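What follows is a set of notes on a single structure, which appears directly below.
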Amino acid sequence: MFSSRKRALLLCAGMIAAGGTLARAAEPGFYGYGDQPTPAQITGWNIDVRGDDGAGLPPGKGTVQRGSEVYAEQCAACHGIFGEGEGRFPKLVGGAGTLRDDRPELTVGSYWPFAPTLWDYINRAMPMPAPHTLSADDVYALTAYILHLNDIVASEFVADRDSLPKVKMPNRDNFIWIDPRPDTMARPCMNACADPRDIKIMSTAEGRDVTPRTTGPLDTMQPK
């Protein structure tokens, strides 16, 4: 049984705690529950890596040799011993010259434009049963090994935050496409809109190599 003195002390403590919660709730950006994340907690979630310049890559490094060992342990069961793919799991190697085929092979070597993006994806999503469990060094090593399997880097290559952004991927210059279609300059409106009789088509996508009309296995459109 608590004495009246102990009950009073507990009541005071509860009021002080409630007052602290209300004070935090009054702070800008605080919604009355949980705690504001610390810089260390934010850093733990801020793991994205930019593809074109590698911004966000952490310290560490990995060799092709180490990557072959990690790959055999963590990746070969799904992606094949040499990146050829197993079952319905995707291929990582090959596909050069197939991007214009009816069934292109979109592998790391044939399609991906940036080497740091490979590091980012492995770090976020692999291995599939336990993503984001590999060390930064092992992710660097896997990245180096997969690039080597695609004949993009030599066997002596060491992947790190400085070397990866400098790797020139085979499809780098063909990946970014400038849309040739004209900007309609149309603006949404709810009243006093343009008279439909005054609207004219000034140009179309036809002849701009945007929408093929007579090619492709699923194309049913006919030329005008």
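The values are calculated or read from the model by the stated rules, or taken from the named source; none is laboratory data. Since this is a predicted model, take the numbers as computed values, not measurements. Because the Cβ atoms are built from the backbone with ideal geometry, glycine has one as well, and the counts that use them run over all protein chains shown. The area values use the complete protein model at the heavy-atom level, side chains included, leaving out ligands, DNA and RNA. Shrake-Rupley method; radii C 1.70, N 1.55, O 1.52, S 1.80 Å.
Computed from phi, the 3J(HN,Hα) profile of segment 63-72 under the Karplus parametrisation 6.51, -1.76, 1.60 (θ = phi - 60°) reads 9, 4, 4, 5, x, 5, 6, 5, 4, 4 Hz, with x in place of Gly and Pro. Ordering TRP177, TRP112 by accessible surface, largest first, gives TRP177, TRP112; the 1.4 Å probe counts only protein heavy atoms, with every chain in place. Note on TYR121: accessible area approximately 110 square angstrom, rounded to 10, probe 1.4 Å, nucleic acids and ligands left out.
Starting from the residue with the highest accessible area, list HIS132, HIS148, HIS79 in decreasing order, probe 1.4 Å.
Numbers: HIS132 95, HIS148 55, HIS79 25 Å².
The residues order as HIS132, HIS148, HIS79, largest area first.
Over segment 56-144, the reciprocal of the mean inverse Cα-Cα separation, the Kirkwood hydrodynamic radius, stands at 13.6 Å.
Kindly sort LEU134, LEU142 by accessible area of their heavy atoms, largest first, with the probe set to 1.4 Å. Kindly include the intermediate steps, with their values, before the conclusion.
On the way: LEU134 30, LEU142 5 Å².
The ranking, largest first, comes out as LEU134, LEU142.
Karplus-derived 3J(HN,Hα) values for segment 37-43, using 6.51 cos²θ - 1.76 cosθ + 1.60 with θ = phi - 60°, are x, 7, x, 5, 5, 5, 4 Hz; glycine and proline are entered as x. Ranked by the mean number of other Cβ atoms within 10 Å of their residues, highest first, the peptides 85-91, 105-111, 41-47 fall in the order 105-111, 85-91, 41-47.
With the Kirkwood sum run over all distinct C-alpha pairs, segment 41-199 has a hydrodynamic radius of 17.6 Å.
The charge dipole of segment 70-138, taken about the Cα centre with unit charges on the Cβ atoms of Lys, Arg (+1) and Asp, Glu (-1), comes to about 200 debye, rounded to the nearest 20.
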